[in-house]
Amino acid sequence: MLGQRKRRKVSTTENNKPPFIDPATEKAQNKPLLRLMSLPVFSDEKELAEVMHVDFRLIRKFCGGQKYFYRRYTIPKSNGKRREILQPCKDLKALQSWILRNILDRLAPTPYATAYVKDKNLLHNVSPHSANRYFLCLDLEDFFPSISDGRVANIFRLIGYSWRAAFFLSALCTCDGGLPQGAVTSPALSNLVAAKLDRRIAGFTSRRNIVYTRYADDITLSSNNPARLCRAMHTIICIIENERFKVNAEKTRVVGPRRRCRITGLVKNTDEPRFGIGRCKKRQMRAVMHALLIKGKTDRKYDSADSILGWLSFLKGVDAVSYEQMNRTWENLIRKSTPPSTV
């Protein structure tokens with residue numbers, strides 16, 4: 001309609017030029033806010049290049065055709081499908097690493113986000129749910145690619161950068177219009193973009209005595225009242241879709257005390273409020289250790305002593321009790337496989 005203002009939207013175009021913005025405001029930035037958060041101050045690609053200590057033409061080159069600077073390959077997923085990985089070239093990765101260190105690492109995600117956060121792991125995602133018996137598990141489909149370059153640019157705008165600076169920062173961190181799975185900046189940016197989603201779901205669930213956490217694209221909600229949890233599911237899915245994410249219906253599940261409770265790779269024991277790796281995984285790893293040290297046979301995933309030690313290191317952080325058991329098993333097998341020394 002005439003006289004109705006159109007909503008201004010920032011997104012990369014086909015030729016990857018900044019969207020048209022009033023020249024009087026395209027370089028306007030919130031310097032006090034940037035300095036308050038100890039963030040580098042710049043208003044366009046030339047000033048960005050100066051603080052990065054690179055030629056500004058390099059930044060323009062990477063923003064002018066991102067897809068040519070990524071190597072594409074796929075890796076198998078647990079469900080048999082393939083996951084596409086976009087690996088940036090060496091120089092682009094260096095610029096992304098600078099953005100991660102100097103900007104993104106200084107911004108904190110919500111307390112409900114437990115993935116890609118320093119000093120947090122899988123245990124921090126499941127521990128808040130330990131006292132509950134019923135769980136609703138949701139998966140966000142195509143999590144990284146579904147986060148558009150415009151939403152990434154808005155994050156940089158919110159923290160004080162100009163429209164022009166936000167465009168170039170977004171273009172350096174995105175590919176094919178979304179976050180690439182393989183860029184070092186994608187995990188931190190995904191948490192920042194999903195911050196509003198976290199706050200909305202947490203605000204809704206906290207008043208209903210439902211616990212909420214998110215580990216990347218895995219959403220976990222729990223309660224001791226199954227009816228309350230089921231009633232809340234429709235509203236929670238509506239919030240997710242309203243925030244421009246999509247729920248993977250195939251992975252949506254409700255788990256109760258009579259079913260094996262597996263949340264983001266950890267299993268809850270039926271007799272105590274504790275999450276761990278579960279008896280099946282311990283039995284499997286004992287067999288892998290025995291085959292490697294006693295029979296000399298290697299597993300497809302754990303093919304060396306170093307890989308076993310790496311798994312034990314991971315286990316120590318998420319299940320201390322099982323770590324003591326499995327580490328003792330590993331040391332006993334090493335003693336058995338070592339021939340006695342002869343004098």
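The values are calculated or read from the model by the stated rules, or taken from the named source; none is laboratory data. Worth saying up front: this structure is predicted, and the values here are computed from it rather than measured. In this analysis, Cβ positions are derived from the backbone assuming ideal geometry, glycine residues included, and neighbour counts consider all displayed protein chains. Areas reflect the complete protein model, heavy atoms only, side chains present, ligands, DNA and RNA absent. Shrake-Rupley method; radii C 1.70, N 1.55, O 1.52, S 1.80 Å.
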Enumerate the residues in the range 319-337 having an amide nitrogen under 17 Å from the point lying 7 Å beyond the Cα of ALA131 toward its Cβ. none
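With every protein chain present, what is the per residue accessible area of the chain (1.4 Å probe, Å²)? Can you show the working numbers first?
Details: 19370 Å² over 343 residues.
With the other protein chains kept in place, the chain gives 56 Å² per residue.
Once you keep just the Cα pairs under 8 angstrom separated by 6 or more residues, what percentage relative contact order results for the range 142-200? Let's see the in-between values first.
On the way: 51 pairs, mean separation 25.2, N = 59.
That works out to 43 percent.
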Mind jotting down the distance between the C-alpha centroids of the range 247-312 and the range 197-229, whole Å? 25
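Mind giving me the FRET efficiency for VAL41 and CYS89? R0 is 22 Å, r the Cβ-Cβ distance, nearest 0.05 is fine. Write down the numbers at each step before the final one.
Numbers: r = 28 Å, r/R0 = 1.26.
So the FRET efficiency works out to roughly 0.20.
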Whose amide H sits under 5 Å from the amide H of ILE85, counting only residues 5 or more places off or on another chain, with H placed in the peptide plane? TYR73, THR74, ILE75
Using a 1.4 Å probe and ignoring any ligands, DNA or RNA, find the accessible area of LEU86 and quote it in Å² to the nearest 10. 10
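Which of rounded, prolate or oblate describes the range 204-260 when judged by the alpha-carbon gyration tensor and an a/c cut-off of 1.5?
Details: a/c = 1.73, a/b = 1.26, b/c = 1.37.
Here the range 204-260 falls in the oblate category.
Averaging sequence separations of C-alpha pairs under 8 Å and six or more residues apart, then dividing by the length of the chain, give the relative contact order as a whole percent.
Values: 491 pairs, mean separation 67.0, N = 343.
The normalised contact order for the chain reaches 20 percent.
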Build a GNM of the chain with springs between Cα atoms under 10 Å: which of PRO32, PRO128, PRO180 gets the top mean-square fluctuation? PRO32
Output the 0 to 90 degree angle, nearest 10, between the alpha-carbon long axis of helix 320-337 and the longest principal axis computed from the alpha carbons of the chain. 60
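From the gyration tensor of the Cα coordinates in the chain, what semi-axes in whole Å does the equivalent ellipsoid have, largest first, with each one equal to sqrt(5λ)? Each step should come with its number before you reach the end.
Working: eigenvalues 357, 159, 60 Å².
Result for the chain: semi-axes of 42, 28, 17 Å.
How would you order 72-83, 47-58, 210-221 from highest to lowest mean count of nearby Cβ atoms within 10 Å? Write out the running numbers ahead of the final one.
Details: 72-83: 9.1, 47-58: 15.1, 210-221: 21.8.
Output ranking for 72-83, 47-58, 210-221: 210-221, 47-58, 72-83.
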Can you tell me which of SER162, SER307, SER148 moves the most in a GNM of the chain? Springs connect C-alpha atoms under 10 Å apart. SER307
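Once the Cβ-Cβ distance between ARG279 and ARG82 is put in as r, and R0 is 35 Å, what FRET efficiency do you end up with, to the nearest 0.05? Kindly include the intermediate steps, with their values, before the conclusion.
On the way: r = 31 Å, r/R0 = 0.89.
That gives a FRET efficiency of 0.65.
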With every protein chain in place, the chain: carbon and sulfur % of accessible area (1.4 Å): 51
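In terms of solvent-accessible area of protein heavy atoms at a 1.4 angstrom probe, what is the ranking of SER127, SER313, highest value first?
Details: SER127 55, SER313 80 Å².
Putting SER127, SER313 in descending order of accessible area: SER313, SER127.
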With each label point set 7 Å from Cα along the Cα-Cβ vector, what nm distance links ILE75 and ASP142? 2.1
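Given 37 °C and 0.692 mPa s, compute D for the range 216-308 with the Stokes-Einstein relation, Rh being the Kirkwood radius over Cα pairs; round to the nearest whole µm²/s. Intermediate values should be presented prior to the final figure.
Values: Rh = 16.6 Å.
This corresponds to a translational diffusion coefficient of 198 µm²/s.
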With R₀ set to 51 angstrom, the calculated FRET efficiency between the beta-carbons of PHE56 and ALA305, to the nearest 0.05, is 0.55
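Roughly what % antiparallel, to the nearest 5, for the DSSP beta bridges in the range 49-187?
Numbers: 9 of 10 bridges.
DSSP beta bridges in the range 49-187 are roughly 90 percent antiparallel.
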Could you tell me which of the pairs LYS268/LYS316; LYS268/LYS336; LYS281/LYS301; LYS46/LYS93; LYS120/LYS268; LYS196/LYS316 are separated by over 22 angstrom between their Cα atoms in the structure shown? LYS268/LYS336; LYS196/LYS316
